[in-house]
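Step one of this worksheet: look at the structure below.
The values are calculated or read from the model by the stated rules, or taken from the named source; none is laboratory data. Quick caveat: nothing in here was measured; it's all calculated off a predicted structure. All Cβ positions, glycine included, derive from the backbone under ideal geometry; neighbour counts span all protein chains shown.
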Amino acid sequence: MRETETSQTDKNSRGVAAVDRALAILAAIEQSTLPRNLSEISRTTGFYKSTILRILESLLDAGYVMRVEGSKYALGPSIMNLGLAYERSNPLRHIVMPIMERLVDQGTESPSFHIRQTSDERLCLFRLDSRHSTLDRVQAGDRLPIRRGAAGKVLLAFGSDAPDTPELQQIREECFAISLGERDKLCAGLAAPVFSGGDNLIGVLSLSGPKERFAPEDIARMKQPLLTAARDLTEALEGSYAPLDQTMEKT
């Protein structure tokens, strides 16, 4: 038995193995810009083809997957319906987007809002391009590494599994992170945490763009608007941002 399928047994105490496998198959299809065949899905998930075929039949019947080009699979219309329902019901968009628009009006780099997706990845939930002629290539829906980039480091720093390193400790103290060419050598970013009720980290607000526009004076100019925006988001979500007040007194 493959390692991935064996590991599914460990999830029985907190979930249903078949559901976990179905979600892994959907994720494998979603990660590709082209339809995937059984062999490709098997390589990505580690599941046997027979296992994948059984689960795909259920996903096909429910419209979450559709068969294309005879023997390949793509996401189905039910996924789009879920996405539209999420857009309609997600209150974060109505709170986050006006503040991101305010940042763009203030002349900052492109703002994004990130949440933790897995132990190794973050998801760009919202993105708004700046008014600069050249931009970085982050888009809403992108999955990015959590251990590289300013937003990823903030998510890692405030996570329950955060390593005890001097860099992450400084991020927790200052509620602020900088990344200069870590994820992409030509890009840079700034990020600050956003908390909800109970002071739980709900996501990260970031500014990103070409590294050449992140000189020390640029960072100093954008830091204050970013920290203020993160505090305003936190207050709108009924969270507390007391550490930020101390940080802003030092700046």
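Summary of values
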item	result
Residue pairs meeting the criteria (Cβ under 7 Å; at least 6 apart or on separate chains; first surrounded by fewer than 23 Cβ atoms within 10 Å (Cβ to Cβ), in region 185-213; second in a helix (DSSP H, G or I) and of a type outside the set (A, V, I, L, M))	L186/K211
Residue in region 116-130 that is modelled with pLDDT of 90 or more, farther than 28 Å from S32 by Cβ and touching an Asp or Glu at 6+ places or on another chain (Cβ under 9 Å) present	yes
Candidates A220, A177, A162, filtered to the one that is small (G, A, S) and surrounded by 19 or more Cβ atoms within 10 Å (Cβ to Cβ)	A177
E121 touching a strand residue (DSSP E or B) at 6+ places or on another chain (Cβ under 8 Å) and among the acidic types (D, E)	yes
Residue match in region 99-111 (condition: surrounded by 17 or more Cβ atoms within 10 Å (Cβ to Cβ) and modelled with pLDDT under 95)	no
Hey, G198 part of a helix (DSSP H, G or I) and of a type outside the set (D, E, K, R) or not	yes
Exclusive hit being in a loop (DSSP other than H, G, I, E, B) and buried (at least 18 other Cβ atoms within 10 Å of the Cβ), set V96, V138, V154	V138
